[in-house]
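What follows is calculated from the coordinates using simple rules that are stated; it is not laboratory data. Not measured: the values here are computed from a predicted model. Cβ: placed from backbone, ideal geometry, glycine included. Neighbour counts: every protein chain shown.
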Amino acid sequence: MAIKVSHNLGLGKWNDKHNNFIPNHVGSFFIFLRSNKTHHSAMSGGHIGCCLSSFNQTQSFPVMEDQKKLSFSSPEPVNYSQELDVAVRTVQLACSLCQRVQNGLISKTSDGVQSKDDNSPVTVADWSVQATVSWILSESFGSSNVSIVAEEDIQNLSKAKADGVLETVVKTVNECLAEAPRYGLNGPKMALGTTEVLEAISRCNSIGGPAGRFWALDPVDGTLGFVRGDQYAIALALIEDGEVVLGVLGCPNYPMRKEWLNYHHRYHRIISKLTPSTSESWDKGCVIYARRGSGEAWMQPLLHVNKNLVWPNSARPVRVSSIDNPSLATFCEPVEKANSSHSFTAGLAHSVGLRKQPLRVYSMVKYAAIARGDAEIFMKFARAGYKEKIWDHAAGVVIIQEAGGVVTDAGGRPLDFSKGIYLEGLDRGVIASAGANLHDKIIRAVDASWDSSAL
């Protein structure tokens, strides 16, 4: 007996121990072999929606007589379906945490914002998300198997202990973890204590590198936007042997519907509160995710209050824009002037014919905008002395690439995530584009304009 399955789909690998097929992409399906019959059933809520009859009949997989082994004529693809499933659910949960904290910061004066040594802000949400994600990943995969590179440490939190911030963080983490079952995740059997929360945060002490597997987490990317009630992102990526293999971006204030980008976020928030929460038209937040090599990127709305996450949670594929004419393109750039040059990007945009106003948004929401086709170009040229960190880019890079876009440094080289916590060897800046043709035009324009810049 033989089962013919398209090798091009990269579906997954055979698990001899459990006698089932493990899918590469969350939402694919399992194939069960029993006696002389082949049965297949849809994985809960799968959003690929394919079946055996729809496969490209190009690769034959013979089943051994004992039906315990499945031989492959080519190397097994690496499988990250479980990691992607947990990562998406965890980011969904983290988004709900951030929404509660942000609403509290906006509605009243709060002591939940502190300053780090570099004077950048850090909030209760930063520490709480980091503790929550660290705890869930360790619970899901075993603490000895989880290594995390993350932005925050406990030094500033320990300094803030006298202000009651640590107590608020512990309370926020436990309130969030109590909601974990709604997202299909295991929560703690009893509330975490202060020591356990601090341990979860401090476990995120990996320094990355070229070998092995580690997660890269930015608990709240765009903290300035967060405290101002604006855009921000929760970014989680898995890196293996220096390559980003999956990425998840949670964008709680980035609406599912593109037309809502024309409205100011505060107006949108007010209108959302006046409209039934069941209305899909008012879904103001989203989670976007992708797995390397899948050729797909997906977006799903944030989970509504009092609802359970049932996969695929209304997920739909996203794709970069087909625009490759610079005069029709929209470009994104950072809001903060402290670590990027607006004057250079403005001059560069003019030189390549960009006529539209730039979309200036905080955080990795810029990557989400390009992956969804809401913008076509993202350029970031750091000022002298600023070094880009891997957690600010890893998740966004793989999402854009799988959505059909291109991300490189200004020299056209792929970003290198194998050198530790920084993007070492970066040539001038980061450029992301909706396609190769558009990207090439931007690269050439950078080369032509760079010598005359003051960067």
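Computed log10 I(q)/I(0) for the stretch 361-455 at 0.13, 0.14 Å⁻¹: -0.41, -0.47, from the Debye equation with unit scatterers placed on every C-alpha and solvent omitted. Pairs of C-alpha atoms in the stretch 294-337 farther apart than 17 Å represent 61 percent of all such pairs. Within the shell of other residues whose beta carbon sits under 11 angstrom from the beta carbon of Arg213, the net charge comes to -4, with Lys and Arg scored +1 and Asp and Glu -1.
Relative protection proxy for 97-105, 130-138, from highest mean packing down: 130-138, 97-105 (other beta-carbon atoms within 10 angstrom). Taking amide H atoms as placed 1.01 Å from N in the peptide plane, the amide H of Ile148 lies under 5 Å from those of Asn205, Ser206, Trp215, each 5 or more residues away in sequence or on another chain. Rounded to whole numbers, the Karplus 3J(HN,Hα) couplings from phi for the stretch 322-329 are 8, 5, 10, 9, x, 5, 9, 8 Hz, using 6.51 cos²θ - 1.76 cosθ + 1.60 with θ = phi - 60°, and x at Gly and Pro. The equivalent ellipsoid of the stretch 296-449 has semi-axes of 27, 19, 15 Å, largest first, where each one is the square root of 5 times an eigenvalue of the Cα gyration tensor. Converting phi to 3J(HN,Hα) with the Karplus coefficients 6.51, -1.76 and 1.60 and the offset θ = phi - 60°, the stretch 385-402 yields x, 8, 10, 6, 9, 5, 6, 7, 9, 3, 4, x, 5, 5, 5, 5, 4, 6 Hz in sequence order, with x at every glycine or proline. Size descriptors for the stretch 134-246 (Cα atoms only): Rg and Dmax, in that order, 14.9, 41 Å.
Database remark: amide H of Ala297 closer than 5 angstrom to the amide H of Val318 (H placed geometrically; neighbours at sequence offset of 5 or more, or on other chains; Pro and chain starts carry no H). In order along the stretch 412-421, the phi-based Karplus estimate (6.51 cos²θ - 1.76 cosθ + 1.60, θ = phi - 60°) of 3J(HN,Hα) comes to x, 9, x, 5, 9, 9, 9, 9, x, 7 Hz; Gly and Pro are listed as x.
Of the trypsin sites (Lys or Arg not before Pro) in the stretch 366-455, the ones in a loop by DSSP (not H, G, I, E or B) with at most 13 other beta carbons within 10 Å are Arg383, Lys387.
In this structure, the pairs whose alpha-carbon distance is over 30 Å, taken from Lys171/Lys307; Lys356/Lys419; Lys307/Lys380, are Lys356/Lys419; Lys307/Lys380. Taking amide H as placed 1.01 Å from N in the peptide plane, Ser321 has its amide H under 5 Å from the amide H of Gly373, each at least 5 places away in sequence or on another chain. Normalising the average separation of contacting C-alpha pairs (under 8 angstrom, six or more residues apart) by the number of residues puts the relative contact order of the stretch 345-436 at 33 percent.
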